[in-house]
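Have a look at the structure below, then the notes.
The values are calculated or read from the model by the stated rules, or taken from the named source; none is laboratory data. It should be emphasised that the depicted structure is a prediction, and the values quoted were computed from it without experimental measurement. Heads up, the Cβs are rebuilt from the backbone with ideal geometry, glycines too, and the neighbour counts pull from every protein chain shown. The area values use the complete protein model at the heavy-atom level, side chains included, leaving out ligands, DNA and RNA. Shrake-Rupley method; radii C 1.70, N 1.55, O 1.52, S 1.80 Å.
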Amino acid sequence: MCLFWQILPIFKPCNCAFSMGATYAKSGVDVRKIRSVQRKINRMIASTNTGATHPLLGHYAGLFHAGGNTYTLHCDGVGTKIMVAQEVGKHDTIGIDAVAMNVNDLICIGSKPTAAVDYIALERVDERLVLEIMKGLVKGCKESGVALVGGETAILPDMFAKEKGGRTAYDLSVTAAGLMEGKPITGEAMKAGDIVIGLESSGVHSNGYSLARKIIPKSKYGELLTPTRIYVKPVMEMIKAAQVHGIAHITGGAFSKLSRIGRHGNVGFLLDNMPKPSGIFADLAAKVRNDYELYRTFNMGVGMCIVVGKEDADAIFSIARKYRIPAKTIGRIIAGNNVILQKGGKRISLR
């Protein structure tokens, strides 16, 4: 096994490879440039530390201390998936996505989501639309065990371009809070030989839509609108049942995001048993035709990664079965700090 590992070349992206298919950067989202901005933002954020905050910059949630407790905060939206909802004319699930994008990040550090507020910005007053959005928000909160304690509805006619067909333009985001009942799970405990268990996604979830909308025909937009899976209950149970060393929500940047927890343990990832693309992911693969781009943009069927020692694998699989979430070992922890996809006889760096 070691010899095979050494002789496989690592492939890195090049312009010639990207010319073969659609890319996220060509669709207007350059992840590398975004990360450069994020690094600068993190430096600015650090200057606001009042002593009540916990230094976990660049992780899945922010921590702060109050009244003897440690709390977590996260804010996120659903991006251009809203444009898919507009095309389909269905808005009662987009709120589930907004909740999922927040609570799924909070649980990555072992925090239990407890409360949330929403922000809905609209081109004009549209009661029917707002109530449809609220249906999803409420459903997502109930599934997560989260109380929706307030929010803001802003009417901003000068901020939005007019939608076609009399549709009301809007944007949606949620801010969620959680309670930390122990030491944060940062990835620091990960070590070479640990396994990476992938929990199946419900679909594309809520990232990569600037590209997906351009290459998936509108006749399949209904499939793109499938709500993001909420992993709160199974993952919180997994944390109690096993020694979980790291958790990664596969969102923007897809599997390159594993480096977010990898740097805390100073380890790398070898993904050598990813599920074969099927359904909507087979459609995306046929259009993109570049594994580097696919696995840095889309979750490719894996929405959450759980890192544990081999001795805890059975407990994770048992809980996944209980919640009817397909799960499989998709890779392992290795030395170094890379994220490597092994596929088709090649090793592809996803960092």
Item to complete: Could you look through region 98-120, keep only residues that are assigned to a strand (DSSP E or B) and of a type in the set (D, E, K, R), and pick out the one that is nearest to A176 (Cα to Cα)?
Response: D118
Practice prompt. Please identify the pairs in which a residue from region 291-309 that is on the phi < 0 side of the Ramachandran plot has its Cβ atom under 7 Å from the Cβ atom of a residue that is small (G, A, S) and part of a strand (DSSP E or B), counting only partners at least 6 apart or on another chain.
Written response: V302/G198; C305/G198; C305/A248; V307/G246
Fill in: Residue ID - surrounded by the fewest Cβ atoms within 10 Å (Cβ to Cβ), chosen from residues in region 222-279 that are among the basic types (K, R) and in a helix (DSSP H, G or I)
K240
Worksheet, complete the sentence: Taking region 300-315 and keeping residues in a loop (DSSP other than H, G, I, E, B) and out of contact with any helix residue (DSSP H, G or I) (no Cβ under 6 Å at 6 or more places or on another chain) leaves G309
Worksheet item: Checking A212 against (1) under 30 Å from K142 (Cα atoms); (2) part of a loop (DSSP other than H, G, I, E, B), which single condition isn't satisfied?
Response: (2)
Practice prompt. Would you mention how many residues in region 318-350 are surrounded by 16 or more Cβ atoms within 10 Å (Cβ to Cβ) and outside any strand (DSSP E or B)?
Written response: 5
Worksheet item: Within region 89-96, is even one residue surrounded by fewer than 16 Cβ atoms within 10 Å (Cβ to Cβ), on the phi < 0 side of the Ramachandran plot and at pLDDT below 95?
Response: no
Worksheet item: Just for region 193-209: of the residues that are open to solvent by less than 20 Å² (accessible area, probe 1.4 Å) and either in a helix (DSSP H, G or I) or among the hydroxyl-bearing types (S, T, Y) (or both), which one is modelled with the highest pLDDT?
Response: S201
Item to complete: Could you check, for region 78-97, whether at least one of its residues is acidic (D, E) and in a helix (DSSP H, G or I)?
Response: yes
Discussion item. Suppose the filter is assigned to a helix (DSSP H, G or I) and modelled with pLDDT of 95 or more; does V149 pass it?
Written reply: no
Worksheet item: Condition test on L122, is it at pLDDT below 85, over 21 Å from R296 (Cα atoms) and open to solvent by less than 20 Å² (accessible area, probe 1.4 Å)?
Response: no
Item to complete: Tell me which of these T168 doesn't satisfy, since it passes every other one: (1) of a type in the set (S, T, N, Q); (2) open to solvent by less than 50 Å² (accessible area, probe 1.4 Å); (3) under 22 Å from the mean Cα position of the chain (by Cα).
Response: (3)
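Results for (1) among the small types (G, A, S); (2) at pLDDT 95 or above, shown as yes or no for each residue.
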position: P55; (1), (2): no, no
position: V99; (1), (2): no, yes
position: I109; (1), (2): no, yes
position: K112; (1), (2): no, yes
position: A115; (1), (2): yes, yes
Worksheet item: Yes or no: I215 touching a Ser or Thr at 6+ places or on another chain (Cβ under 8 Å) and touching a residue at least 24 places away in the same chain (Cβ under 8 Å)?
Response: no
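To keep it simple, each residue is scored yes or no on (1) open to solvent by 30 Å² or more (accessible area, probe 1.4 Å); (2) assigned to a loop (DSSP other than H, G, I, E, B).
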residue	(1), (2)
A154	no, no
F160	yes, yes
V174	no, no
L179	yes, no
K183	yes, yes
A189	yes, yes
Discussion item. On the basis of being out of contact with any Phe, Trp or Tyr (no Cβ under 6 Å at 6 or more places or on another chain) and open to solvent by less than 30 Å² (accessible area, probe 1.4 Å), does T297 make the cut?
Written reply: no
